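Input: a single structure, listed below in structure tokens.
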Amino acid sequence: MTLAGRRQLSAVVCLAHRAGKDSEAVLGSLGLLGELLLLSSVVFLLGVACGCPEECRCQTSLNSVDCSHQGLAEIPPDLPPQTLTLHLQDNQIHQLPASAFRSVPQLTTLNLGNNSLSLLAPGAFHGLQHLRVLNLTQNSLHSLESGLFHSLPQLRELDVSSNNISHLPASLGERWENLTLFAVQQNQLQQLDRVLLESMSSVKRLFLKDNLWKCNCHLLGLKLWLEKFIYKGGVMDSVICASPDTWKGKDLLKIPHELYQPCLSPSPDLESWQGQLLGPAPGAVLRPPESHSVKEQDQSECELKPKPRPTNLRRALVTVIIAGVLSGILCLMMLVATIYGCTYAAITAHCREAPLAQTLEPAKTEGKDLLDSPPA
Ligand SMILES: *[C@@H]1O[C@H](CO)[C@@H](O)[C@H](O)[C@H]1NC(C)=O
Ligand SMILES: *[C@@H]1O[C@H](CO)[C@@H](O)[C@H](O)[C@H]1NC(C)=O
Ligand SMILES: *[C@@H]1O[C@H](CO)[C@@H](O)[C@H](O)[C@H]1NC(C)=O
């Protein structure tokens, strides 16, 4: 039988199944027990053939199953095996066991958004060879097991936004050559491993905003990678620094390169530096205490601070201010002297005040005229 033929048959079977459900209700109210039992068994058989779970709506022609918004606590066990698209969003599923989707190996799109997922077994997505879109947005995930997505060679779009993820393992994307969209906005991330970024060689759209980005040397790798990404035509939102205080609220991409100079300057500790900056060095974070002070020094260097103003400039500024104040005093003194002179001259009736008053007089009267004239 051809694929189309099989689909048509299953569509007919599904219709019969629906009709059966309706008549079951009617017969039930009539109390025809025997017929009901018979019909129920027929409905049951048809139900198996159709394979649409009670809580879901199946669109057989599209091989799409919509079980969204049903208050489900787990994945329905009787999903049609030919399902390509599975909507499980807006439920209360809180964990996925290993091989949770073994009954639907053809899946290409899986939406698990707005559930209560906090625990994903390491092999949760095992067997989904064809999965292209995986949506895990709006859950309660704190971390992701490094091998979680390794069984998804076709993965194109991954959405883990709006969770509580604080760390993404570098090897998470070991097989992400096909990934074109990666969304991790609204999480608790402070940094993103350069190795993880490099593994997404085909990514075109990136969503990173609303995380706790710590804009120190650790984020230089991300900055440089993003610059290249945008240059190649990639689309992204923004990386807004959450710390340190100097850069809080600033866009990582707008922090001048010069300020990253200390991150690149050679130091005795350079090797561990490069480990922290450019590659995954699992040991780098947990280092023996004897090197602690050195590391702390590094980190304080690492915090990007705007350079203090050179002292020369400060001195020049002080000089200018003093000069200004002195000349101000001088001017004041000259003014006082002038007034004194003028007063003296007025007393001796030789001051030039008289002509000055004359020139002021007409202007005053003109103003009065304007004010006194009635409104037109
Ligand atoms: C999330 O799902 C719940 C039901 O579980 C629903 O009431 C709520 O509206 C959904 N939220 C969004 C943003 O869709
Ligand atoms: C995931 O689902 C959310 C909510 O339904 C939607 O806004 C978002 O675009 C989806 N992500 C992808 C990659 O399709
Ligand atoms: C990416 O997809 C192609 C076919 O679309 C597939 O042959 C290849 O194996 C995939 N990449 C990985 C890393 O699995």
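Taking the criterion of being of a type in the set (Phe, Trp, Tyr) and over 26 Å from Asp245 (Cβ atoms), the only residue of segment 179-213 that qualifies is Phe182. Look at (1) within 19 Å of the chain's Cα centre (by Cα); (2) assigned to a loop (DSSP other than H, G, I, E, B); (3) within 15 Å of ligand 3 (Cβ to nearest atom) and you find that Ser161 fails only one, number (3). State which residue is farthest from ligand 2 (Cβ to nearest atom) when the search covers only segment 192-212 and only residues that are surrounded by fewer than 20 Cβ atoms within 10 Å (Cβ to Cβ) and part of a loop (DSSP other than H, G, I, E, B). This residue is Leu212. Restricting attention to segment 132-154, the residues being out of contact with any Leu (no Cβ under 6 Å at 6 or more places or on another chain), away from ligand 1 (no atom under 16 Å from the Cβ) and closer than 22 Å to Ser68 by Cβ number 2.
Using the structure shown, decide if Gln106 is within 16 Å of ligand 3 (Cβ to nearest atom) and over 29 Å from the mean Cα position of the chain (by Cα).
Spelling it out, Gln106 is indeed within 16 Å of ligand 3 (Cβ to nearest atom) and over 29 Å from the mean Cα position of the chain (by Cα).
Quick one: in segment 116-130, of everything that is in a loop (DSSP other than H, G, I, E, B) and in contact with a Leu (Cβ under 7 Å, 6 or more places away or on another chain), which residue is nearest to ligand 2 (Cβ to nearest atom)? Among them, the one singled out is Leu117.
Leu88 falls short on exactly one of the conditions (1) within 16 Å of ligand 3 (Cβ to nearest atom); (2) under 26 Å from Gln185 (Cα atoms); (3) in contact with a Pro (Cβ under 9 Å, 6 or more places away or on another chain), and that condition is (1). Just wondering, is there one or more residues in segment 131-153 that are touching a strand residue (DSSP E or B) at 6+ places or on another chain (Cβ under 8 Å), farther than 21 Å from Gly51 by Cα, among the β-branched types (Val, Ile, Thr) and within 16 Å of ligand 2 (Cβ to nearest atom)? For segment 131-153, residues touching a strand residue (DSSP E or B) at 6+ places or on another chain (Cβ under 8 Å), farther than 21 Å from Gly51 by Cα, among the β-branched types (Val, Ile, Thr) and within 16 Å of ligand 2 (Cβ to nearest atom): present.
Thr180: within 12 Å of ligand 2 (Cβ to nearest atom) and either under 24 Å from Gly71 (Cβ atoms) or crowded, with 20+ Cβ neighbours inside 10 Å (or both), yes or no? For Thr180, the condition - within 12 Å of ligand 2 (Cβ to nearest atom) and either under 24 Å from Gly71 (Cβ atoms) or crowded, with 20+ Cβ neighbours inside 10 Å (or both) - is not met.
Listed here are the residues, each with its yes/no results for (1) touching a His at 6+ places or on another chain (Cβ under 8 Å); (2) over 17 Å from Leu148 (Cβ atoms); (3) in contact (Cβ under 8 Å) with a residue 60 or more places away in the chain; (4) within 16 Å of ligand 1 (Cβ to nearest atom).
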site: Asn163; (1), (2), (3), (4): yes, no, no, yes
site: Pro169; (1), (2), (3), (4): no, no, no, no
site: Leu172; (1), (2), (3), (4): no, no, no, no
site: Trp176; (1), (2), (3), (4): no, no, no, no
site: Asn187; (1), (2), (3), (4): no, no, no, no
site: Leu197; (1), (2), (3), (4): no, yes, no, no
site: Met200; (1), (2), (3), (4): no, no, no, no
site: Arg205; (1), (2), (3), (4): no, yes, no, no
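Just to be sure before I move on: is Asn187 surrounded by 21 or more Cβ atoms within 10 Å (Cβ to Cβ) and within 15 Å of ligand 2 (Cβ to nearest atom) in the structure I sent? Considered against the rule, which asks whether it is surrounded by 21 or more Cβ atoms within 10 Å (Cβ to Cβ) and within 15 Å of ligand 2 (Cβ to nearest atom), Asn187 comes out as yes. Of all residues in segment 88-98, those being in contact with a His (Cβ under 9 Å, 6 or more places away or on another chain) and crowded, with 16+ Cβ neighbours inside 10 Å number 3.
None of the figures in this text is laboratory data; all of them are computed from the coordinates on show. Remember, predicted model here, so these are calculated numbers, not experimental data. Positions of Cβ are generated from backbone atoms using ideal geometry, with glycine treated the same way; all protein chains shown enter the neighbour counts.
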